[in-house]
1. Please verify whether residue 233 is out of contact with any helix residue (DSSP H, G or I) (no Cβ under 9 Å at 6 or more places or on another chain), touching a residue at least 12 places away in the same chain (Cβ under 8 Å) and either part of a loop (DSSP other than H, G, I, E, B) or more than 21 Å from residue 83 (Cβ to Cβ) (or both), treating the condition exactly as stated.
2. Of the residues 245, 249, 241, 237, only one is under 26 Å from the mean Cα position of the chain (by Cα) and of a type in the set (Asp, Glu); which?
3. Only residues that are surrounded by 19 or more Cβ atoms within 10 Å (Cβ to Cβ) and part of a loop (DSSP other than H, G, I, E, B): list them for the range 154-177, please.
4. Name the residues in the range 67-104 that are part of a strand (DSSP E or B), closer than 13 Å to residue 146 by Cβ and touching a residue at least 40 places away in the same chain (Cβ under 8 Å), would you?
5. So which of 282, 273, 199 ends up being out of contact with any strand residue (DSSP E or B) (no Cβ under 8 Å at 6 or more places or on another chain), in contact (Cβ under 8 Å) with a residue 40 or more places away in the chain and aliphatic (A, V, I, L, M)?
6. For residue 137, are the conditions met, namely being in a loop (DSSP other than H, G, I, E, B), surrounded by fewer than 15 Cβ atoms within 10 Å (Cβ to Cβ), in contact with a strand residue (DSSP E or B) (Cβ under 8 Å, 6 or more places away or on another chain) and outside the structural domain of residue 279 (by TED's automatic domain parsing)?
7. Test residue 125 against the stated conditions and say whether it is under 21 Å from the mean Cα position of the chain (by Cα) and surrounded by 15 or more Cβ atoms within 10 Å (Cβ to Cβ).
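The values are calculated or read from the model by the stated rules, or taken from the named source; none is laboratory data. Every value quoted in this text rests on a predicted model; they were computed, and no experiment measured them. Note that each Cβ is placed from the backbone with ideal geometry, even for glycine, and that neighbours are counted across all protein chains shown.
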Amino acid sequence: MSIRDKFSTPTQSNQMPHSALEQDIVFIAKTDNTQDISKILSTIVKHDSETKKKDSSAHNLFVTCKISPQTISFSYDEGKHFQANCSLKSTFFEEYKCELPVQSASNNQDGTMLPTAYSFKVNLLMIIDGLNIFGSEADNNTSVQFVYGGYGKPFILLLNENGVMATCSIKTMDTEEPNTFDLVQPVSNKIVIDSESLLEAFGELDYSSSRVRITLSPDAPFFKVQTTGNMGNFSMEFNPEKKAEEIFESCELNQSISHLFQLPLIKPCIKALAHGSAKTRLTLTVNGILQFQHILQTGSHLHPVIFTVVAISPHHYDENDENMQMD
């Protein structure tokens, strides 16, 4: 079934379809920046177009959507080793209302904790397809209104392009809390670098390799990336002859930390840079957690897009991995 089959028949009207709102509403958000939302959500889509052609399951990407009075966020977890997250602040929207349950006296007496946000699982690709129902051109005049009626209710998109209306109702499901990663307690290294330089560096990698070693150190070359693949050994260093303060916008390099990661999991972290990120905060911890925090800008609004990847255990190293460790 195509995305258009999921929509009501487009109608010429300036009024919102009543059928879409015949329910209690706990969340509503409206904006004319439909393509900006589509761009931001697309940054956490792990599958590329070629994968979709080969694998029909790639047309589904179920994420945890969390709605609070301050933000709406989308998190994708792949096992315990990969997470992608993006969020939109309430100030991004022209209208944003989120009504949480009111704490009652009975709740206080029995110790019941009411939710601080609504959370559910939803197909992100269906949302993106819905946002682009009238086309994906940056200059289109489509506005969108998100509507949610609470637990078990669908997540609804109401779209309007020059008076032509379309409605998309997407099923929601129960979800578990997204993975959490400790980036505070363990020793970690942090750098902030312009995204263009990061994209250029990772663009030179040998993607026939399945693994990549990433090193952050207080000593030159400070930031090093290595792969071993069909094309041979590849090593990228960031201006080892310069001081760290001259290379990075800011840095906190406490000790040499080096870990091995699955390259296919790093690829979407780098692909997101092409969506207009200005700078990236890179964090690497001693216990093998790597985080890319990209900052995307749309107009005057800044949007964090965060990828977290867990390193390969040394118990699973092969000969090539050991060679990279020795270089």
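1. It is false that residue 233 is out of contact with any helix residue (DSSP H, G or I) (no Cβ under 9 Å at 6 or more places or on another chain), touching a residue at least 12 places away in the same chain (Cβ under 8 Å) and either part of a loop (DSSP other than H, G, I, E, B) or more than 21 Å from residue 83 (Cβ to Cβ) (or both).
2. Sole residue among the options that is under 26 Å from the mean Cα position of the chain (by Cα) and of a type in the set (Asp, Glu): 249.
3. Answer for the range 154-177, where residues must be surrounded by 19 or more Cβ atoms within 10 Å (Cβ to Cβ) and part of a loop (DSSP other than H, G, I, E, B): just 172.
4. Listed by number, the residues that qualify are 67, 72, 74, 88, 95, 96, 97, 98.
5. 199
6. So residue 137 fails the test.
7. The answer is yes for residue 125.
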